[in-house]
Amino acid sequence: MSQQQISLPAKLINGGIAGIVGVTCVFPIDLAKTRLQNQRQGQQIYKSMMDCLVKTVRSEGYFGMYRGAAVNLTLVTPEKAIKLAANDFFRHHLAKDGKRLTVFKEMLAGCGAGTCQVVITTPMEMLKIQLQDAGRLSAQQQKPVMMSPTKLVATNTVLSRAYNSGTVVSVPRAVSATQIAKELLRTQGVQGLYKGLGATLMRDVPFSVVYFPLFANLNRLGKPCPGESSPFYWAFLSGCVAGSTAAVAVNPCDVVKTRLQSLNKGSNEETYNGVVDCVSKIMRKEGPSAFLKGAGCRALVIAPLFGIAQVMYFVGVGEYILDNSPLSLVLA
């Protein structure tokens, strides 16, 4: 790693393509994860991931499973690119004389990558969660015994109009990420888009600390000899195993982040004043098992997402594109 010159444009292209392909494939599972994590005891609408997806298709149509996908597809390119390129950058500078990095230095590089990516991840997740959770709130409104629409808590006027309109219909009125972003910027400023930043750091930094060293060591096992790269299928499997392991490990932090970033609440759904308050209320009212909500979905989302990312990264799709495009003359 230290002997190779890092081509940042190629890494950005690799990360971007991998993110777009991966998100397109697994976004419905991510939507199910968000809705399952936001459910409270006694107010369950969805029993499992499959139940959530089936009910979503019935009430919102096929494309209802892709609510919030546009903002994710737009921002996942810089997010994944920053994560992969930053890890590559830190590994490059932590290596000495071409020697193999110690596990500690691999974890340090992952920590740096996770810290860098939250600049994009936090607003992306903030907007995506509002769009993903709209269908769950609408479904709750259609249960008058369990829910009272007049008691819905609205912290955002655009979201309130979109989710809590007077007439309950099967499909909630669409609200765009642009509308949400504009309203947050108008009412709360830039910090509105970065609500839950602390929880996002708590999730993404440990994730990267676990993922990158685990992937590097798993991928090393598949190398035919020290001087050669592992086969693409081994890179894919290594990315899947490392990604799913890291995803489950930090799932409690993901639950906390999702709850904190959900602006709209259903009836009897408590609000939280920071990470500590959120953790204590979840523990007291729902028990430790609540921190594992959506863990299976998250593992299914992250595994192929990072498997695809590592294949793109190690096959060198970005390098191929740059070498065979007019940009190669500019970047030479």
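Observations
- Exactly one residue among Val209, Val256 is over 17 Å from Val311 (Cα atoms), crowded, with 23+ Cβ neighbours inside 10 Å, among the aliphatic types (A, V, I, L, M) and in contact (Cβ under 8 Å) with a residue 24 or more places away in the chain, and that residue is Val256.
- Conditions (1) among the basic types (Lys, Arg); (2) modelled with pLDDT of 60 or more; (3) surrounded by fewer than 18 Cβ atoms within 10 Å (Cβ to Cβ); number of the one not met by Arg161: (2)
- The set of residues in the range 68-95 being in a loop (DSSP other than H, G, I, E, B) and either surrounded by fewer than 19 Cβ atoms within 10 Å (Cβ to Cβ) or touching a His at 6+ places or on another chain (Cβ under 9 Å) (or both) consists of Ala95 alone.
- Filtering the range 17-53 to residues that are of a type outside the set (S, T, N, Q), farther than 30 Å from Gly318 by Cβ, open to solvent by less than 60 Å² (accessible area, probe 1.4 Å) and part of a helix (DSSP H, G or I) leaves Ala32, Arg35, Leu36, Met49, Asp51, Cys52, Leu53.
- The number of residues in the range 54-67 that are open to solvent by less than 40 Å² (accessible area, probe 1.4 Å), under 23 Å from Leu305 (Cα atoms) and not β-branched (Val, Ile, Thr) comes to 3.
- Selection from the range 275-297 of residues that are outside any helix (DSSP H, G or I) and either open to solvent by 30 Å² or more (accessible area, probe 1.4 Å) or basic (Lys, Arg) (or both): Lys293
- Flag for Ser230 being open to solvent by less than 50 Å² (accessible area, probe 1.4 Å), in a helix (DSSP H, G or I) and either of a type in the set (S, T, N, Q) or farther than 22 Å from Glu79 by Cβ (or both): no
- Members of the range 96-117 found to be open to solvent by 10 Å² or more (accessible area, probe 1.4 Å) and assigned to a helix (DSSP H, G or I), listed by number: Val103, Phe104, Lys105, Met107, Leu108, Cys111, Gly112, Thr115, Cys116
- Of the candidates Thr167, Thr187, the single residue that is modelled with pLDDT of 90 or more and β-branched (Val, Ile, Thr) is Thr187.
- From the list Leu322, Leu300, Leu263, the one residue that fits, being open to solvent by less than 30 Å² (accessible area, probe 1.4 Å) and assigned to a helix (DSSP H, G or I), is Leu322.
The values are calculated or read from the model by the stated rules, or taken from the named source; none is laboratory data. In this text the structure is predicted, and so the values were computed from the model without any measurement. No Cβ is skipped: glycine too gets one built from the backbone with ideal geometry, and neighbour counts run over all protein chains shown. Note: accessible area is taken over every heavy atom of the protein model, side chains too, but ligands, DNA and RNA are not part of it. Shrake-Rupley method; radii C 1.70, N 1.55, O 1.52, S 1.80 Å.
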